[in-house]
Structure formats: C-alpha cells, structure tokens
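*Asks:* Before we start, here is the structure in question, set down as structure tokens.
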Amino acid sequence: MRKSERLDLLKQAVEKLEIATQNDLVAFFERQGVTITQATISRDIKELGLVKLQAGNGRFRYLLPNQSVPTSNPLAAIRSKMCQGEMLRLNVAPGTAMSLKNYLALQYVGDIFALLADDDCVLMILKSKEAAKQVFKELG
C-alpha cells in the first residue's frame, strides 16, 4: 500500500470510528488486510496533525485537526475564566484548549495580540483592556 493510500485510510478511520490508541489503529489496518507497525502509525499521526480529545463518553479519541471542536458550542469547554488587564485566562476541559484557541482566533481576529494554549488552558492577550473586558463578557 502506498503512503498516500495509507494516510487516506487512516483519515477515514479517524473520521468514522472512535480510535483511542495507536494499537486501535494497528488493529483497524489489520482488519483491512494491511500489516503496519505502531512506529509507522505514530509517524502518520504526526504528519496528519491528529489531535487527541476527550469524547462525550469520557474516553479520549483521535480526531483530524478540522474535527477537533468537540461540540457545536466550543465555548462549552470553558470551566473558569479570569481577566487581568489585557489578558484573559480560560481554564478548559483537558484536551480542548487547542480547538478553543482556533475558534477564538477566528472570532476575535481583530482584537487579539497573542493567543497561547496548552492541554487545558488558553491565554488570550488582547490589544486593549477594553477589548479584554468585552471578550470576557461575551464568553459568558
């Protein structure tokens, strides 16, 4: 199987199934009649930029970057928030910060100076204190 075919099959698996581990992917490929190593899966995951997020059932699963907003309302991931000066700190459900960061970047593109995220926290630095107050208010 060519690499492009393998990547397409991997994308299909991640889009249609709840794939939680690299071993799940190895087993998926074996069911398709394709022998593949975990190391190859790992490289393919990195190349496709797959993200691992918590699904509704509490388990983690792989998603394509464009699938990574887990709900129709990405703001639902926010657990708490704080505002200080031009900065907003958003504590979010584990595994959702990058999706929320992408959403916020699109929603507030003109107001953002910088936007940083790790696994469970997003730091927004806005261009003004007024913008920070307004965004804080809009985020509920």
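The values are calculated or read from the model by the stated rules, or taken from the named source; none is laboratory data. A quick note: this is a predicted structure, and the numbers were derived from the prediction, not measured. Neighbour counts run over all protein chains shown; Cβ positions are idealised from the backbone, glycine included.
*Asks:* Any idea which of LEU104, LEU100, LEU116 is aliphatic (A, V, I, L, M), under 21 Å from ASN73 (Cβ atoms) and in contact with a strand residue (DSSP E or B) (Cβ under 6 Å, 6 or more places away or on another chain)?
*Replies:* Working: LEU104 fails: in contact with a strand residue (DSSP E or B) (Cβ under 6 Å, 6 or more places away or on another chain); LEU116 fails: under 21 Å from ASN73 (Cβ atoms).
From the options LEU104, LEU100, LEU116, the qualifying one is LEU100.
*Asks:* Restricting segment 18-53 to residues that are within 17 Å of the chain's Cα centre (by Cα) and assigned to a loop (DSSP other than H, G, I, E, B), which is surrounded by the most Cβ atoms within 10 Å (Cβ to Cβ)?
*Replies:* Per the criteria, the residue is ILE19.
*Asks:* Among the listed residues ALA76, ALA93, which satisfies the condition of being touching an Asp or Glu at 6+ places or on another chain (Cβ under 9 Å), free of Cβ contacts under 8 Å to residues at least 40 places away in the same chain and within 24 Å of GLU15 (Cα to Cα)?
*Replies:* Details: ALA76 fails: touching an Asp or Glu at 6+ places or on another chain (Cβ under 9 Å).
Among ALA76, ALA93, only ALA93 is touching an Asp or Glu at 6+ places or on another chain (Cβ under 9 Å), free of Cβ contacts under 8 Å to residues at least 40 places away in the same chain and within 24 Å of GLU15 (Cα to Cα).
*Asks:* While we're on this one: Could we say that LEU64 is under 25 Å from VAL92 (Cβ atoms), surrounded by fewer than 16 Cβ atoms within 10 Å (Cβ to Cβ), modelled with pLDDT under 95 and not small (Gly, Ala, Ser) here?
*Replies:* Details: under 25 Å from VAL92 (Cβ atoms): yes; surrounded by fewer than 16 Cβ atoms within 10 Å (Cβ to Cβ): yes; modelled with pLDDT under 95: yes; not small (Gly, Ala, Ser): yes.
Considered against the rule, which asks whether it is under 25 Å from VAL92 (Cβ atoms), surrounded by fewer than 16 Cβ atoms within 10 Å (Cβ to Cβ), modelled with pLDDT under 95 and not small (Gly, Ala, Ser), LEU64 comes out as yes.
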